[in-house]
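Colleague: Okay, handing you the structure first.
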Amino acid sequence: QVQLVESGGGLVQAGGSLRLSCAASGRTFSTYAMGWFRQAPGKERLFVAAINWSGDSTYYTDSVKGRFTISRDNAKNTVYLQMNSLKPEDTAVYYCAAASIAHSLRVGVSEYWGQGTQVSVSS
């Protein structure tokens, strides 16, 4: 069992930055691929980024490539999403997710979900 708790969301102006954190419980964190998804009001939850268990492979949806960076610290059981050059269309609830393999996350399948953190970008 893995429990995920996100933090770091907030309100920022367009062009600004935020760093999301996801703290995971359980001693098996380092064996899971981790990812971030987002859900805008009235829309489905979509894949944003994923990282494999060791941190040496990362994946991004096209709209965030070059602006967002996912990373992890297995010693701290934490995964991060650094978001730069934020745009109003990045406004959404961001969810942390864990799965056995990164490919699962890339196609929207996760074994565990966090409760979400709100990111709002004003124009």
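The values are calculated or read from the model by the stated rules, or taken from the named source; none is laboratory data. Treat the numbers as computed from the prediction; the structure is a model and nothing was measured. Every residue, glycine as well, gets a Cβ built from its backbone with ideal geometry; the counts of neighbours run over all protein chains shown. Surface areas here come from the heavy atoms of the whole protein model, side chains and all, with no ligands, DNA or RNA. Shrake-Rupley method; radii C 1.70, N 1.55, O 1.52, S 1.80 Å.
Colleague: Name the single residue, out of those in segment 98-123 being polar (S, T, N, Q) and crowded, with 18+ Cβ neighbours inside 10 Å, that is nearest to Gly15 (Cα to Cα).
Modeller: Thr117
Colleague: Is it the case that Ser85 is more than 13 Å from Arg38 (Cα to Cα), outside any strand (DSSP E or B) and polar (S, T, N, Q)? Please lay out each step first, then the result.
Modeller: Working: more than 13 Å from Arg38 (Cα to Cα): yes; outside any strand (DSSP E or B): yes; polar (S, T, N, Q): yes.
It is true that Ser85 is more than 13 Å from Arg38 (Cα to Cα), outside any strand (DSSP E or B) and polar (S, T, N, Q).
Colleague: Quick check on my filter: what residues within segment 62-77 are small (Gly, Ala, Ser) and in a strand (DSSP E or B)? Break it down into steps so the answer makes sense when it comes.
Modeller: Taking segment 62-77 as the starting set, the residues that turn out to be small (Gly, Ala, Ser) are 63, 66, 71, 75.
Across segment 62-77, the qualifying residue is only Ser71.
Colleague: Name the residues in segment 1-31 that are of a type in the set (Val, Ile, Thr), assigned to a strand (DSSP E or B) and buried (at least 17 other Cβ atoms within 10 Å of the Cβ), would you? Outline the logic, then answer.
Modeller: Initially, segment 1-31 is screened for residues of a type in the set (Val, Ile, Thr), giving 2, 5, 12, 28, 31.
Then drop every residue that is not assigned to a strand (DSSP E or B), which leaves 5, 12.
Hit for segment 1-31 is Val12, nothing else.
Colleague: Test Ala92 against the stated conditions and say whether it is more than 20 Å from Val2 (Cα to Cα), modelled with pLDDT of 95 or more and within 13 Å of the chain's Cα centre (by Cα).
Modeller: Judged against the criteria, Ala92 is a match.
Colleague: Tell me which residues, restricted to segment 78-97, are open to solvent by 10 Å² or more (accessible area, probe 1.4 Å) and either aliphatic (A, V, I, L, M) or touching a Ser or Thr at 6+ places or on another chain (Cβ under 7 Å) (or both).
Modeller: Correct list: Thr78, Tyr80, Gln82, Asn84, Pro88, Thr91, Val93.
Colleague: May I ask you to list pairs of residues, at least six apart or on different chains, whose Cβ atoms are under 6 Å apart, with the first in segment 13-28 being under 15 Å from Trp53 (Cβ atoms) and the second being assigned to a strand (DSSP E or B) and open to solvent by less than 60 Å² (accessible area, probe 1.4 Å)?
Modeller: Cys22/Leu4; Cys22/Glu6; Cys22/Val79; Cys22/Cys96; Ala24/Leu4
Colleague: Just the residues that are assigned to a loop (DSSP other than H, G, I, E, B) and touching a Pro at 6+ places or on another chain (Cβ under 9 Å), please, taken from segment 98-123.
Modeller: Ser123 - this is the single residue of segment 98-123 that is assigned to a loop (DSSP other than H, G, I, E, B) and touching a Pro at 6+ places or on another chain (Cβ under 9 Å).
Colleague: Checking the structure you have, find out if any residue of segment 45-66 is in contact with a Cys (Cβ under 9 Å, 6 or more places away or on another chain) and of a type in the set (Phe, Trp, Tyr).
Modeller: The answer is no; no qualifying residue exists.
Colleague: Assuming Trp53 fulfils every condition listed in (1) within 13 Å of Trp113 (Cα to Cα); (2) assigned to a loop (DSSP other than H, G, I, E, B); (3) of a type outside the set (A, V, I, L, M); (4) touching a helix residue (DSSP H, G or I) at 6+ places or on another chain (Cβ under 8 Å) apart from one, which condition is it?
Modeller: Against the list (1) within 13 Å of Trp113 (Cα to Cα); (2) assigned to a loop (DSSP other than H, G, I, E, B); (3) of a type outside the set (A, V, I, L, M); (4) touching a helix residue (DSSP H, G or I) at 6+ places or on another chain (Cβ under 8 Å), Trp53 comes up short only on (1).
Colleague: Taking Asn84 as the residue in question, decide whether it is touching a strand residue (DSSP E or B) at 6+ places or on another chain (Cβ under 8 Å) and within 20 Å of Ser122 (Cα to Cα).
Modeller: yes
Colleague: Turning to a different aspect of this structure: Of the residues Tyr95, Tyr80, Tyr59, which is of a type outside the set (A, V, I, L, M), over 19 Å from Gly9 (Cβ atoms) and in a strand (DSSP E or B)?
Modeller: Tyr59
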